[in-house]
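Remarks on the structure that follows.
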Amino acid sequence: MLAVALTASTGCTDANAGNDADVVVAASLELSGNAADLGVAYQRALELRAAQINASGLLGRRRVTVRFQDNRGDPAIASSQITAFTEDPSVVAIVTGACAECTIGAAERIDARRKPTIALSPVAEVSAPVSQRRYIFRLAPNADDNAVVLGRELGRAGQRRLAFLSSDDAYGRGGTDALTREAGKIGAKVVAHAQYAPSDADLGHAARAALAGNPDAVVVWGYPPQAALAVAALRGDGYHGQVYLDADAAGDLFLGGPAANTDGTALVFIQTLAIDDVIATTPAKAARRQWFQDYTSHYGTYHGHASFAADALQLVANAVARSGSIDGETLRARLETSQIDGLSGPIRFTPNNHSGFMPQALTMLEARAGRWRLAG
């Protein structure tokens, strides 16, 4: 039996106003290819959260259903899928995955067809500027916020010679810019910056380039599979210094395979990956613990980014419940004033800011004995 903690803000809560049409959410995700690790986690989270929302009765006689398509991380495929979603009158909202270009390429179509979309990408340009992204919202850790937390930790630890190892794409470049700014604030020097292609499976060359400057610490900015490969390559080259990972590098709860030698690696992320260390002192923390247990019970492990996808679906369901409507303009207006304590942390959208994840949810984790724990 699924335990749920699902709420919508008070006000107009008749989710059956007008008609009882199902709430169909279409998802264009990276279910194969380089980012399949994330895409599959998103799919699982959306399926599980849909079942929980339906069991809760939040939508009355309506049911939320999610239709999935695999975009393979290809912007052209994603654009075609999203265009079809926007033209389908049965689709109420869209969820897109980590690939920034996949959503940006369809931004004009999304706005023109007034189809509310929540992207799970860390790239700021997906949802900004709001004047050109009125119907696009973003729910993922922000590069600038990640860099602030990392910079604070690097300063506290006295790390002054830094190397960056990042993916050569919009996500990696944005992270590099943010980290460079924060490094300057703590008087640290960037002694090397190495990049790798998003499709690379052998990161040995990039790791050696990062270590060429003899750094005190290496910051890896990459999605989960390649971040794990990067750490393995650094250790394989004999590097015993501190390695830091940005939030989007978070993957499975248990660290096996190429990540088996990551003990001591630090990660900026939300507390959910270390939920056993968190005391459930508030309803929100209790809900996060229950979500973690439900997901783990279904899938055998936990993926760090699952909670963001679950929150995306919850936001859509809440908007329908609050308005009693599945009209695109009505839901957009509800979404951009949404404020919830979500499974990923506090979420606050405003008319001027469609990036809803709040930075205070970020903390430092550390890999110990094959799994993530709260640092300190």
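The values are calculated or read from the model by the stated rules, or taken from the named source; none is laboratory data. Just so it is clear, the structure is predicted and the values come from calculations on it, not from any experiment. Here the Cβ is made from the backbone with ideal geometry for all residues, glycine too, and neighbour counts use every protein chain on show. For accessibility, only protein heavy atoms count, side chains too; no ligands or nucleic acids. Shrake-Rupley method; radii C 1.70, N 1.55, O 1.52, S 1.80 Å.
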Point to revise | Set Gly184, Gly213, Gly174, Gly155: member being open to solvent by 10 Å² or more (accessible area, probe 1.4 Å) and without any contact (Cβ under 8 Å) to a residue 12 or more places away in the chain | key: Gly184
Practice item. Tell me which residues, restricted to the range 72-98, are open to solvent by less than 10 Å² (accessible area, probe 1.4 Å) and of a type in the set (S, T, N, Q). Key: Thr86, Thr96
**Study point:** Unique residue being open to solvent by 20 Å² or more (accessible area, probe 1.4 Å) and assigned to a helix (DSSP H, G or I) when the list is Gln69, Gln52, Gln43
**Key:** Gln43
**Study point:** Count - residues of the range 268-304 that are surrounded by 18 or more Cβ atoms within 10 Å (Cβ to Cβ) and modelled with pLDDT under 90
**Key:** 0
Practice item. Report the residue count in the range 317-328 for those that are open to solvent by less than 10 Å² (accessible area, probe 1.4 Å) and either in contact with a Leu (Cβ under 7 Å, 6 or more places away or on another chain) or acidic (Asp, Glu) (or both). Key: 4
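Based on what the data block shows, is Thr337 in contact with a strand residue (DSSP E or B) (Cβ under 8 Å, 6 or more places away or on another chain), open to solvent by 10 Å² or more (accessible area, probe 1.4 Å) and over 14 Å from Val24 (Cα atoms)? Full working, then the answer.
Numbers: in contact with a strand residue (DSSP E or B) (Cβ under 8 Å, 6 or more places away or on another chain): yes; open to solvent by 10 Å² or more (accessible area, probe 1.4 Å): yes; over 14 Å from Val24 (Cα atoms): yes.
Criteria met by Thr337.
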**Study point:** the range 216-227 - residue that is open to solvent by less than 20 Å² (accessible area, probe 1.4 Å) and in a helix (DSSP H, G or I) and, of those, farthest from Ser121 (Cα to Cα)
**Key:** Ala227
Review point. Right, Gln195: within 21 Å of the chain's Cα centre (by Cα), among the polar types (S, T, N, Q) and open to solvent by 10 Å² or more (accessible area, probe 1.4 Å) or not?
Key: no
Study note, to complete from the structure: Counting only residues that are part of a strand (DSSP E or B) and open to solvent by 10 Å² or more (accessible area, probe 1.4 Å), the range 228-244 contains a total of 1
**Study point:** Set Ser355, Ser307, Ser325: member being within 23 Å of Ala98 (Cβ to Cβ), touching a residue at least 60 places away in the same chain (Cβ under 8 Å) and in contact with a Gly (Cβ under 8 Å, 6 or more places away or on another chain)
**Key:** Ser307
Exercise for review: Hey, could you check the range 245-267 for residues that are assigned to a helix (DSSP H, G or I) and either modelled with pLDDT of 85 or more or touching a Phe, Trp or Tyr at 6+ places or on another chain (Cβ under 6 Å) (or both) and say which is farthest from Pro224 (Cα to Cα)?
Suggested key: Ala247
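So is Met358 open to solvent by 10 Å² or more (accessible area, probe 1.4 Å), of a type in the set (A, V, I, L, M, F, W, C) and closer than 21 Å to Pro224 by Cβ or not?
no
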Point to revise | Unmet requirement for Gly105, which otherwise passes all of (1) open to solvent by 40 Å² or more (accessible area, probe 1.4 Å); (2) over 20 Å from the mean Cα position of the chain (by Cα); (3) free of Cβ contacts under 8 Å to residues at least 60 places away in the same chain | key: (2)
Practice item. Give the residue that is farthest from Asp145 (Cα to Cα), with candidates limited to residues of the range 323-356 that are in contact with a Ser or Thr (Cβ under 9 Å, 6 or more places away or on another chain) and among the acidic types (Asp, Glu). Key: Glu336
